[in-house]
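Peer 1: Mind having a look at this structure? Questions to follow.
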Amino acid sequence: MNGTLAPELTVADRCDRCGAQAFVRARLAGGFELLFCAHHGREHLEKLRDLDDIEITDESHKLHADSESESV
């Protein structure tokens, strides 16, 4: 699938389930997009990966990078 997605999620991107910052984006055929926080992403990613023609961006690793830089 080839779309015009921003390369990274930003702090303005919000989870469709709870409104927290989104770290996971699932773009389905037709351009439909779902955004999830890390928690809801973990909850739904396995089912989403089973779908055909889906593009998943998972940036949940950034949560750990932020906490590591604060502890320095």
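The numbers here are math on the coordinates, done by the rules we state, and not lab data. Quick caveat, the model's predicted, so the values are computed rather than measured. Methodologically, a virtual Cβ is constructed for each residue, glycine included, from the backbone with ideal geometry; neighbour enumeration extends over all protein chains shown.
Peer 1: Taking H as built 1.01 Å from N, whose amide H comes closer than 5 Å to the amide H of residue 24, not counting residues under 5 places away?
Peer 2: Excluding prolines and chain starts, which carry no amide H, the hits are 36, 59.
Peer 1: Any chance you could run the full-extension gain for residue 53 through residue 20? It's 0.36 nm times the residue separation minus the Cα-Cα distance, nm to one decimal.
Peer 2: Numbers: separation 33, 0.36 × 33 = 11.88 nm, distance 2.63 nm.
In short, 9.3 nm is gained.
Peer 1: Something else about it: Can you order the peptides 30-43, 7-20 by their average number of other Cβ atoms within 10 Å per residue, highest first?
Peer 2: 30-43, 7-20
Peer 1: To continue, here is another question. Using 0.36 nm times the number of residues separating residue 33 and residue 64, minus their current alpha carbon distance, what extension gain do you get?
Peer 2: 8.7 nm
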